[in-house]
Amino acid sequence: MGDAGLGIYLVCRGGGIFCMGRWQWQLILLASLLASVSSVHALSLDKDGDIRFGLRTYSAVRVGTENTETSDTARILAETFPHSSAGHIRQLRYFLEASLDHDLDPLLRERLGVQGLLDRLRISRLSYNLVFRFEYEGIYDFGPSEYRTHEAFNSFIEPILNRPVDPQVVGKKRRRLRKDAVWRARLFQAYLQFEVGDLFLRFGRQILAWGETDAFRLLDNINPLDPSFGGFLIPLDERRVPLDMLRLNYNIGHVGPLAGMFVEGFVALDDEVSFDPGIPIGSPWNFPNAVPTGLITVATRTPNANFEDARF
């Protein structure tokens, strides 16, 4: 599977019933083609380029290429819920990210006349960054019935008890699916950064990635990953969860034959983790055996936003 260039992907996962006429398919395909071209723009908002606005947006459509076989209870335990047939849509993802970078140095030094104070404090390169992110998953509103409705939940037979799932459990699972997997709009990052001599400081909600890779992480384990909006198929840059942290970087410079030496550390006071809220039952990105049942109650312990549970 891979990026087809227009944000259309093929995914080997299983299906359901998608009752749509030819004209509806044509409208979805046309809208996807028009909206799915990835777009990135940046614009300076003042003549000196101290205020910069960036925008990145795209849509992605993924289609399953295999059925999920659910012919008997034993097979259900090894398959992914809900059942979905080949050719059914697995994802209608819409993504928008807007960023604002503002360099405060010229404003403070030249226009407000506090250059002497900044020089005495040895503060330079003072700036802030704001990032807004919007994500929407359309299969729960416009997709096949196994994701759009509660039919798959109501027709599912609990493997151990051999009975339909309790309607209250169905309602609870469906509400969580709608709450955690449909849409999010949030101030994604917001931080202030500056330098004091050779020391660089960044304070606020941010992402700190060490040793970035495209598909997996080695040292890049500071920020948790959010799997709920497309699992491992979503790029790492979009799955990292920002944390409230203080980042410090001290520039050492040259040491013998080595250049560009620095020491970096951080402390994060945050309660964000990758497993909460996690992937809800009913999502096409959940793991096998994640089926609706009233027998299992999942309890999670998340860290508190204090020094005792700090990450550093």
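The values are calculated or read from the model by the stated rules, or taken from the named source; none is laboratory data. Since the structure is predicted, the reported quantities are computational estimates derived from the model, not experimental observations. Note: accessible area is taken over every heavy atom of the protein model, side chains too, but ligands, DNA and RNA are not part of it. Shrake-Rupley method; radii C 1.70, N 1.55, O 1.52, S 1.80 Å.
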Pop out the ³J(HN,Hα) list for the stretch 210-225 in order, Karplus 6.51 cos²θ - 1.76 cosθ + 1.60 with θ = phi - 60°, rounded to Hz; leave Gly and Pro as x. 9, x, 4, 10, 8, 10, 8, 10, 10, 8, 7, 10, 6, 8, x, 9
Please list, short to long, the whole-number percent of alpha-carbon pairs of the stretch 82-225 in consecutive 10 angstrom bins beginning at zero. 9, 22, 23, 19, 13, 8, 5, 1
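To two decimal places, what compactness ratio does the stretch 220-265 give when its Cα radius of gyration is scaled by 2.2 N^0.38 Å?
Numbers: Rg = 16.1 Å, N = 46, 2.2 N^0.38 = 9.4 Å.
Ratio of Rg to 2.2 N^0.38 Å for the stretch 220-265: 1.71.
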Note the direction-averaged projected area, equal to a quarter of the hull surface, for the Cα convex hull of the stretch 158-215, in nm². 8.5
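Pairs of Cα atoms under 8 Å, at least six residues apart: use those to get the relative contact order of the stretch 244-312, whole percent.
Answer for the stretch 244-312 is 33 percent.
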How large is the accessible surface per residue of the stretch 239-286, computed with a 1.4 Å probe and reported in Å² as a whole number? 46
In terms of Cα to Cα distance under 19 Å, which aspartates and glutamates are near enough to residue 172, apart from those fewer than 8 places away along the same chain? 141, 146, 151, 158, 180, 276
Heavy atoms of residue 93 accessible to a 1.4 Å probe, total area in Å² rounded to 10: 0
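Expressed as cubic angstrom per residue, what is the convex hull volume of the alpha carbon set of the stretch 153-310?
Cα-based convex hull of the stretch 153-310, divided per residue, equals 148 Å³.
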